[in-house]
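Every read-out reported here was derived from the displayed coordinates using simple, explicitly stated rules and does not represent laboratory data. Because the structure is a prediction, the values reported are computed rather than measured. Backbone-built Cβ (ideal geometry, glycine too); neighbour counts: all protein chains shown.
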Amino acid sequence: MIPAGGHAEAPPAAVDCYRLDLSRNDPDDLALLDEAENQRAARFRFDRDRRRFIAAHAQTRRVIGEHLGVDPAALRFATTRHGKPILAGDGIGLAFNLTHSGAVGYLAIASFSVGIDVEQHRPFDDLQPLIDDYCSPAEIAALAALSPPARAAAFLGVWTRKEAALKAWGTGIGAVPLDTLHVGLSHPASAAQDALPGMIHDGIGYPALRLLTLPGQQQVLSIAAACAVPMAVRLAGASPAQRPPDDAARPADT
């Protein structure tokens, strides 16, 4: 339906988000990886971390391969000058981003730049120094108004939003000081999306982003996307106990 103003409403920007189980390895996981991935896997000191790396990258290849209709082992990857993995060759035009915390991983796929970050809920021995170092003054004030249990969960929301934003921009930690990057606290009740304005830091321009945080009992998941309209996040691969509420991923007005 066309609104009274005569212009069709722009459709939401689709982000496919896949939950990855990193607690197990399939027999052919290692064979899917390329030489560079195998070399990275070999450098892990602990076997558990090596297995999770292999599982994450093998599952990423399978999902992207299905999206593109190609053999997962044939996918070629490159990196930006800041080290963000991107698809090369036939995969150009499809953006992706991978995150993991413990044995849980998430892969976001879109037609525009996207960043994703997940953190498992955990106790903090001393949270305040982290808040002081990595939060903006407004975020520090908002967190101070919360009870200690709520403050820890809210801090993870702020942290994952900042990580997701930096990953959507294709930079690493430190490119933009986290205490000057204001993302605000998320809206757990409504899962509303926030608009992060574009910015310039050290002469480099960073485009505006959409932010969405999906809180859960075990984890906090945040997605940042360089799109002009609200995201429509399509979740796949999550068990019912770990899937956010049915309306959590729907686009919301800001």
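Near L127: Cβ cut-off under 12 Å, other residues only, Lys/Arg at +1 and Asp/Glu at -1. The net charge is -2.
Applying the criteria of a DSSP loop state and at most 12 other Cβ atoms within 10 Å to the chymotrypsin sites (Phe, Trp or Tyr not before Pro) of the range 12-89 yields F46.
Using the Cβ-Cβ distance between A141 and I92 with R0 set to 41 Å, the FRET efficiency works out to roughly 0.40.
For I173 and Q39, the FRET efficiency from 1/(1 + (r/R0)^6), where r spans their Cβ atoms and R0 equals 30 Å, is about 0.80.
Its relative contact order, with pairs defined as Cα atoms under 8 Å and 6+ residues apart, puts the chain at 21 percent. Per residue, the chain reaches -8500 deg cm²/dmol at 222 nm when only DSSP H runs of four or more residues are counted, each adding -39500 (n - 2.57). Scanning the chain for trypsin sites (Lys or Arg not before Pro) in DSSP loops with at most 15 other Cβ atoms within 10 Å, what's the longest stretch left with none? Answer from the scan: 82-254. For S113, the residues whose amide H sits under 5 Å from its own are A226, ignoring neighbours fewer than 5 places away on the same chain, with H placed 1.01 Å from N.
Taking amide hydrogens as placed 1.01 Å from N in the peptide plane, the amide H of V15 sits under 5 Å from those of A232, V233, R234, each at least 5 positions away in sequence or on another chain. For H121 and R50, a Förster radius of 35 Å and the Cβ-Cβ distance give a FRET efficiency of 0.90, rounded to the nearest 0.05.
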